[in-house]
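Worksheet: one structure, shown below.
The values are calculated or read from the model by the stated rules, or taken from the named source; none is laboratory data. Because the structure is predicted, anything quoted here is derived from the model rather than measured. Counting neighbours? That spans all protein chains shown, and the Cβs are built from the backbone with ideal geometry, glycine included. Areas reflect the complete protein model, heavy atoms only, side chains present, ligands, DNA and RNA absent. Shrake-Rupley method; radii C 1.70, N 1.55, O 1.52, S 1.80 Å.
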Amino acid sequence: MSKQTRYEIIRDFEMQVVYARAPFPMGSKGLQLKNGVSIPNGTELQQALALWGPAIKPGDPAHISFVQIKDNHIHFDLNGGPVHRKKWYQHIEVSGASGTSVPLSPTESQPNPHGTYLDVYFDKYVPEMSAQQLRDLLFPVLDFTARNKEEAYLDTLPPKVKQAIQAHYVLVGMNTEMVLHARGKPPKKVREKDNDTEYEEWIYGEPPADVDFVRIIGDEVVRVETMKVGGQKIVRNEKEVILEHPDKDTEAKTEQDRPANAPSLRRPGEDQDNAPKPSDSISPAAPVPPPDIPQGPGTTGPGEFSAGRF
């Protein structure tokens, strides 16, 4: 890519507001895009979202705060990036009488929980392209054409779910965010328990109009009951839409990949043999600590980067 094109791309994209079409995990791991496929995806992405939480959800607005064109990829910082960048005055140092340089302000890199990034990779090098061509390449994860958050969110959903939301209709199998987009916040919520299963009932409408009772377990709609004006009751409890969920293997892997400083019921200094054991008296094996990860010259710690990494 020529120098002039680089300047035009950076000038066109920096500080631009876009809408996300994919979830971006929080932390130092953003998304990578190559040949229209984003990485991580599927269960691996769900695992990262469950472990660290989302920095940006589908349909959320985000601003491109920094653009850098490298040899074989283009880097975009979103909402400030995963770490706070230095201000211009943080690069200034003052030398004292002894010749020792002292920075005007602390220079430690601090994580930015609201920021993330996107790297767009090419085969060998970044080719010549226009700003519009780059927008088309980014469309699987970023939407430059949506007029508002609602439109951007609907474009990320399956056609059946999108049509139901536009008709303000709740399908069994939707998640809570979809219900909020379809019907808004419920005027009334009721928490109940069916045997050992806790659920929440979202109630829409009041007599003499139709009343909908939307039952939610976890984050999924499992039952919709509609009481008609004439007294007729309509119950739907069969799944009408199937959404992607992390499988049991992924959930188990998420549990194993918890940070080393995760909370524990064991007292400080308590030995594994003296720890409380389950009813079968078999104590689980002690977890194996992860191998040391070599830190590159541009890193300051796990999940952090120095401001001069790019």
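Annotations
For (1) without any contact (Cβ under 8 Å) to a residue 60 or more places away in the chain; (2) within 25 Å of the chain's Cα centre (by Cα), each residue gets a yes or a no:
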{"position": "D123", "(1), (2)": "yes, no"}
{"position": "V126", "(1), (2)": "no, no"}
{"position": "M129", "(1), (2)": "no, no"}
{"position": "L137", "(1), (2)": "no, yes"}
{"position": "F144", "(1), (2)": "no, yes"}
{"position": "K160", "(1), (2)": "no, yes"}
{"position": "Q166", "(1), (2)": "yes, yes"}
{"position": "V170", "(1), (2)": "yes, yes"}
{"position": "G173", "(1), (2)": "no, yes"}
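- Taken over region 177-225, residues that are closer than 16 Å to N237 by Cα and of a type in the set (S, T, Y) amount to 2.
- Residue in region 115-124 that is open to solvent by 50 Å² or more (accessible area, probe 1.4 Å) and either in a helix (DSSP H, G or I) or modelled with pLDDT under 90 (or both) present: yes
- Test: residue in region 229-242 that is modelled with pLDDT of 90 or more, in contact with a helix residue (DSSP H, G or I) (Cβ under 9 Å, 6 or more places away or on another chain), more than 12 Å from M174 (Cβ to Cβ) and in a loop (DSSP other than H, G, I, E, B): no
- Counted residues, region 11-27 - those being open to solvent by less than 50 Å² (accessible area, probe 1.4 Å) and assigned to a helix (DSSP H, G or I): 1
- Scanning region 28-48 for residues being open to solvent by 30 Å² or more (accessible area, probe 1.4 Å), more than 14 Å from H75 (Cα to Cα) and not β-branched (V, I, T) gives a total of 6.
- Enumeration of residues in region 172-194 that are hydrophobic (A, V, I, L, M, F, W, C) and under 20 Å from G59 (Cα atoms): M174, M178, V179, L180, A182
- In region 1-10, residue surrounded by the fewest Cβ atoms within 10 Å (Cβ to Cβ) [restricted to those that are out of contact with any strand residue (DSSP E or B) (no Cβ under 7 Å at 6 or more places or on another chain) and in contact (Cβ under 8 Å) with a residue 60 or more places away in the chain]: S2
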